[in-house]
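Okay, structure first, notes after.
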Amino acid sequence: MSAQVSGPRKPAAPSVTAAVRDAPADERAAEALTPLDDVVEASAEVLMAHDPRSTRAETVRALRTELLLRRDSPRERSDAIALLSPSAGEGRSLLAADLAVAYAQTGQPTLLVDADMRRPRQHVLFPIQNRKGLSQAIEFGMAPHLYGVRNVPRLSVLTAGAVQRNPLELLSSQRFAAMVEDWRGTYAHVVIDTAPVGEFSDGLAVASVVGRVLTLSRAQRTPFRDMQEMLRRLAATRAQILGAVINHF
């Protein structure tokens, strides 16, 4: 992955409440900030959690630094970012997971949200049963089921939940917008994974709510015209494009 970040420097929600169960002391230390339903361990794919000295981990940290420098102000109450890519298989979900871990490793409370309700993947990267998640929280107004990550005590994960028939409507709803505002007041960093924009409009709906986007393409795989089309459609959301990542992994 090459962290070639380019772009301009500036241009009643369900509450997050649940009980912490069987968490080690370091995870319980984050209880006041990120109440959790359970604690899981990141899969081996998430190198930021298992091999912080790897080449990929160093690249993700460099990307994290670039994104922090692009904040409008260090006093912003939250740094919420949606990751968008044209197609499946470009590494968007894994980058979202690694980036969320990288943010949490700075000691700041971080939330990773899987808003890809078509082919969700965060529940695989962080082995979690995906029956209850974002889709159920939006549709039924229930408190999100959050999970902690072992050895990353400042990270919470919200899976996509059971696949619904109307993901675009859920992500375009006022209830989802209110949830995002709730997260902004609770977490220092929010990283949101989305469905591929070339197939679905869900990511554009998320971008319009979050307002800040990181785009991703895969070297020698993503057609240039697909990236152009995604950027054209993204312009209609008026979201700020923080930069673009070219994935070489």
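Bear in mind these aren't lab numbers, they're just calculated from the coordinates by the rules spelled out. All values derive from a computational prediction rather than experimental measurement. Here the Cβ positions follow ideal geometry from the backbone for every residue, glycine too, while neighbour counts run over all protein chains shown.
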Set Tyr187, Tyr147: member being within 15 Å of Asp114 (Cα to Cα) and of a type in the set (Phe, Trp, Tyr) | Tyr147
Residue count for region 202-239, restricted to those that are closer than 17 Å to Ala177 by Cβ and under 17 Å from the mean Cα position of the chain (by Cα) = 13
Kindly indicate whether any position in region 117-124 is of a type in the set (S, T, N, Q), within 27 Å of Leu231 (Cα to Cα) and surrounded by 18 or more Cβ atoms within 10 Å (Cβ to Cβ).
-> yes
Selected residue [crowded, with 16+ Cβ neighbours inside 10 Å and more than 15 Å from Ala82 (Cα to Cα)] from Thr194, Thr222, Thr215 | Thr222
